[in-house]
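Taking it in order: structure first as structure tokens, then the write-up.
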Amino acid sequence: MRFWMTVVLMCVRIFAGEIHAKDPQPAAWWNFDEGEGAVVKDKTGHVEDAQLKSRDGNGLPAWITTPWGKGLGFHPGTYIQAPAGKALLLTEVFTIESRVCMNYSREKARTVLARGGEGTKKLYWLRYHTGWTSWVFAFGNGGQVDFLGAKHYPNPGQWYHVAVTFDKGRVIFYLDGMAVEEKKSGIERIETPATDDLFIGAYAAFGHGLNGSIAEVKLFDAALSPEQIKREFENEK
């Protein structure tokens, strides 16, 4: 009897491992493990090297130590610019996630990442908006722009895992592994110009800069399940 119980337990463990092994892999992933320099690499190799930049001449994003390893600290004049590529063309089904820590700031909009332009309405961006006291995900298809906001007031100096899944218009916002807001949008497919770069820590080079730190950014070309989001939150980088 004990033998068969052991066999069953082994099968369960193997089966669970197979399920986890089939979790979607990132289309792009920056975990900033370089720890120095002015270049950061996408761990998947799908996106060319990203550059640390400043729009105000007051230095680049600063290397810091986070609970998961290395990260970058931003003030509103700094950002990362990742070159345009296929992995950044999020369209019908995708997930965006990041580990973010906010400093106290009077900046109304603090961008985690952004791609596209508001003038064209072809865009997606994720930021915290102090005026709305909400995390906000915006997305557009060229004809219109829609938003999903998740009410929350981040404590300065505290790390948060934020994630958004998009599945043909069904949008879910997660905070620290838990779904906190959801909507069904009339926009079922996002459009962004193929030549547009991805900006981390700012919206393009124009502003809405982050006053805080980022430990990692991941993009998936799949809508992760609630269980997968929870595992991402619990996992180390």
### Task
Count, please, the residues in the range 85-111 that happen to be basic (Lys, Arg), under 20 Å from Gly209 (Cβ atoms) and surrounded by fewer than 20 Cβ atoms within 10 Å (Cβ to Cβ).
2
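Determine, yes or no, whether Asn103 is touching a residue at least 24 places away in the same chain (Cβ under 8 Å) and over 16 Å from the mean Cα position of the chain (by Cα). Working first, answer last.
Numbers: touching a residue at least 24 places away in the same chain (Cβ under 8 Å): yes; over 16 Å from the mean Cα position of the chain (by Cα): yes.
Answer is yes for this residue.
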### Task
Given the conditions (1) more than 26 Å from Gly69 (Cα to Cα); (2) in a loop (DSSP other than H, G, I, E, B), report the number of the one that Glu182 does not fulfil.
(2)
### Query
Does Tyr128 qualify as being outside any loop (DSSP other than H, G, I, E, B) and either closer than 21 Å to Gly209 by Cα or hydrophobic (A, V, I, L, M, F, W, C) (or both)?
yes
#### Entry: Any hit, the range 160-167, residues being among the aliphatic types (A, V, I, L, M) and either assigned to a loop (DSSP other than H, G, I, E, B) or at pLDDT below 95 (or both)
no
### Task
Determine which single condition Tyr79 fails, assuming it passes every other condition in (1) among the hydroxyl-bearing types (Ser, Thr, Tyr); (2) under 26 Å from Arg231 (Cβ atoms); (3) part of a strand (DSSP E or B).
(2)
## Note on the structure
Per the filter on the range 55-76, residues modelled with pLDDT under 95, in contact with a Ser or Thr (Cβ under 8 Å, 6 or more places away or on another chain) and crowded, with 17+ Cβ neighbours inside 10 Å are Pro76
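In the list Ala163, Ala114, Ala150, which residue meets the criterion of being within 20 Å of Thr95 (Cα to Cα), free of Cβ contacts under 8 Å to residues at least 60 places away in the same chain and either of a type in the set (A, V, I, L, M) or surrounded by fewer than 16 Cβ atoms within 10 Å (Cβ to Cβ) (or both)? Can you show your working first?
On the way: Ala163 fails: free of Cβ contacts under 8 Å to residues at least 60 places away in the same chain; Ala114 fails: free of Cβ contacts under 8 Å to residues at least 60 places away in the same chain.
Criteria check complete, one pass: Ala150.
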### Task
Look at Glu34 and say whether it is over 20 Å from Ala222 (Cα atoms), modelled with pLDDT of 95 or more and surrounded by 10 or more Cβ atoms within 10 Å (Cβ to Cβ).
yes
### Task
State whether the residues of the range 92-109 include one that is over 29 Å from Gly157 (Cα atoms), in a loop (DSSP other than H, G, I, E, B) and in contact with a strand residue (DSSP E or B) (Cβ under 9 Å, 6 or more places away or on another chain).
yes
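The values are calculated or read from the model by the stated rules, or taken from the named source; none is laboratory data. None of the values given here were measured: they were computed from a predicted structure. Using ideal geometry, Cβ is built from the backbone for each residue, glycine included, and neighbour counts are taken over all protein chains shown.
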